[in-house]
1. Looking at B:36, B:65, which is the one that is away from every other protein chain (no Cβ under 14 Å), more than 19 Å from the chain's Cα centre (by Cα) and either in a helix (DSSP H, G or I) or closer than 24 Å to residue B:155 by Cα (or both)?
2. Which residues, counting only those in the range B:99-117, are polar (S, T, N, Q) and in a helix (DSSP H, G or I)?
3. Failed condition for residue A:145, given (1) crowded, with 21+ Cβ neighbours inside 10 Å; (2) among the hydroxyl-bearing types (Ser, Thr, Tyr); (3) more than 10 Å from chain B (Cβ to nearest Cβ), with all others met?
4. I'm checking my understanding of the structure. Among residues of the range A:40-62 that are of a type in the set (A, V, I, L, M) and in a helix (DSSP H, G or I), which one is surrounded by the fewest Cβ atoms within 10 Å (Cβ to Cβ)?
5. Right, residue B:123: farther than 26 Å from residue B:18 by Cα, over 17 Å from the mean Cα position of the chain (by Cα) and of a type in the set (A, V, I, L, M) or not?
6. For the range B:169-197, give me the residue count where each residue is among the hydroxyl-bearing types (Ser, Thr, Tyr), more than 14 Å from residue A:143 (Cβ to Cβ) and within 7 Å of chain A (Cβ to nearest Cβ).
7. Just to be sure I understand, how many residues within the range B:8-28 are within 13 Å of DNA strand C (Cβ to nearest atom), assigned to a loop (DSSP other than H, G, I, E, B) and either closer than 17 Å to residue B:63 by Cα or within 14 Å of chain A (Cβ to nearest Cβ) (or both)?
8. Only one of these conditions is not met by residue B:44: (1) among the acidic types (Asp, Glu); (2) in contact with a Gly (Cβ under 8 Å, 6 or more places away or on another chain); (3) away from DNA strand C (no atom under 16 Å from the Cβ). Which number is it?
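A short reminder: the numbers here are calculations on the coordinates, not readings from a lab. Everything numeric in this text was worked out from a predicted model, so none of it was measured. Don't worry about glycine lacking a Cβ; one is built from the backbone with ideal geometry, like all the others, and counts go over all protein chains shown.
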Protein chains: 2
Amino acid sequence: MPAQNPVASRLSRDVIVDAYLRLVEAEDNDSVSLRRLGSELGVDPTAVYRHFRDKDEILTAAADRLLAEVTDGLELSGGWRDQLRELLLALRRVYLVHPRALLALQLAPPRLENGFGNVERCIALLREAGVAEDEVPIAYEALETYTIGATVFDARATEESLAGWRQVYRMLPAGRFPNLTATAASLYLDIDKAFRYGLDLMLDAIEARVRGIER
Amino acid sequence: MPAQNPVASRLSRDVIVDAYLRLVEAEDNDSVSLRRLGSELGVDPTAVYRHFRDKDEILTAAADRLLAEVTDGLELSGGWRDQLRELLLALRRVYLVHPRALLALQLAPPRLENGFGNVERCIALLREAGVAEDEVPIAYEALETYTIGATVFDARATEESLAGWRQVYRMLPAGRFPNLTATAASLYLDIDKAFRYGLDLMLDAIEARVRGIER
DNA sequence: CAGTGATGTCAGCGCTGTTGACACCCGATC
DNA sequence: GATCGGGTGTCAACAGCGCTGACATCACTG
């Protein structure tokens, strides 16, 4: 038993990740400093460096756990389209709450852990749908990038900022911006709905392409 | 003439924004510190506070200029679909180079400046396409969010990180991840192409819906 | 029983954005 | 023409950040 300490040292990777996630959910401020993390743990801030190389490694560990939870806790049913939709919406939910941690994954592919289940399922579903073999990777990339990118973008938005944009658009000179001023009041009223609309567009088109092939 | 100084003080909002953009393009590091900015201008770092409230205001000013340039420099031709595609691809190009500055816009809608042209055109094109009036805002949101979100996400990627993911996927146990390991080698080979693929999916679906209405 | 490695503490480095006091210099006013 | 005042740049400094290296402590091992 080389790594674990039977008497249990106060800290461990799991305990630290727990505390980190607790802090992110508590404060709406999604950027948790190591000093805040230390005081949450009742420990010197630099103590976490005994368990993680740097802050990014904490974030990726947290992200990996979150992704694994998504995959585990998800019961998918229905055809490929419903399942794919549900899977990506679940991904959106977790990215909405923890954009920081999950974005850290992008630049630091974790060393073989748990969070890969959804990627596997996503690709499997595209294959099942009948997407041409050489289009599967690129279709996956498009769906993934839309889901993650749009969600991280949406996660930053606040009611104020959205209202601010409506306001700005409404105040523009109607002569130069006829369409914009007319539409302003209807913009950004429900960004989740807008995301789903875009996702359905993509799924529609994939379905149509598949039908075209099969015929 | 209250604001301008005839003898020309060394600094001005434009000069500062110039220097900022110069720095972003020079260093690939997209995060420019005020101290770097000061030394680029040959001036004390805090001098810029005489012209901007805070760093965010510099970023939004830069972003506004960039957006205005996109709209001005763009000759659109063809049907609504080609024009919309070209417009969003142009938006992607500038977001790819200046993700930081343009993201600052999201939270700080600028006080009535220039960068709104593309939004107006985008909405106009959707109307021209024949999208149902009550769907125009949400369709615009979906396209905008995809373009910006996906592009900002892509802007962070490096050749290394993409290769890292391919590597990670390839090394997974083929038993549990049959689809993923099989597809790994074909992933993330051309993220621009993947973005265009997703964009075409959305435009396909919009076109199909419009045809459905007209019939 | 000595030693070794893991863990937590502490002081501190270099960086960040930002503030307030100060000096200057130019243009307007009496 | 001297005097004021506001816009501008300088400077020192603050609080926060991620992170490092030296040190103390403790538990287990040979």
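1. B:36
2. Passing the criteria: only B:106.
3. (3)
4. A:47
5. In short, yes.
6. 1
7. Result for the range B:8-28: 0.
8. If we test residue B:44 against (1) among the acidic types (Asp, Glu); (2) in contact with a Gly (Cβ under 8 Å, 6 or more places away or on another chain); (3) away from DNA strand C (no atom under 16 Å from the Cβ), just (3) comes out false.
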